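I have placed the structure first, in the form of structure tokens, so that the comments after it can refer back to it.
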Amino acid sequence: MPIYEYRCPECAVFDLMCGMGEAPDSMPCPSCGATSRRKMSAPHLSRAGSAEFRLMDDSKRSAHEPPVVTGLPGQGKNRPVYTANPLHQKLPRP
Ligand SMILES: [Zn+2]
């Protein structure tokens, strides 16, 4: 159910939860009773799919489905590449 905002000319902005398309154009202010007009505002879109939600989903998933590890990290072909500069490949390794 969407939340509509009304601006009271005397007080401030107040919210009204109302069915879609059922919100009246004006409402009496709950504080002073003055006629308040509905305020046009940006919709409060869902944040699902954002980086924040992906991080939370990945954290929950890793708790239940940890990735399978078959060997020590940094060995074999799957050695992580930290740099793209080929000259760094010639540096001494520990
Ligand atoms: Zn008011």
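The values are calculated or read from the model by the stated rules, or taken from the named source; none is laboratory data. Source: prediction; values computed, not measured. With ideal geometry, Cβ positions are generated from the backbone for all residues, glycine too; neighbour counts draw on all protein chains shown.
Tell me whether the stretch 42-60 contains one or more residues that are in contact with a Cys (Cβ under 9 Å, 6 or more places away or on another chain), surrounded by fewer than 13 Cβ atoms within 10 Å (Cβ to Cβ) and either among the small types (G, A, S) or touching a residue at least 60 places away in the same chain (Cβ under 8 Å) (or both). No, the stretch 42-60 contains no residue that is in contact with a Cys (Cβ under 9 Å, 6 or more places away or on another chain), surrounded by fewer than 13 Cβ atoms within 10 Å (Cβ to Cβ) and either among the small types (G, A, S) or touching a residue at least 60 places away in the same chain (Cβ under 8 Å) (or both).
From the list E22, E10, which one is among the charged types (D, E, K, R), away from the ligand (no atom under 13 Å from the Cβ) and part of a loop (DSSP other than H, G, I, E, B)? The conditions single out E22.
The condition (being away from the ligand (no atom under 16 Å from the Cβ), modelled with pLDDT under 90, among the polar types (S, T, N, Q) and in contact with a strand residue (DSSP E or B) (Cβ under 7 Å, 6 or more places away or on another chain)) is satisfied by just one residue among S41, S50: S41.
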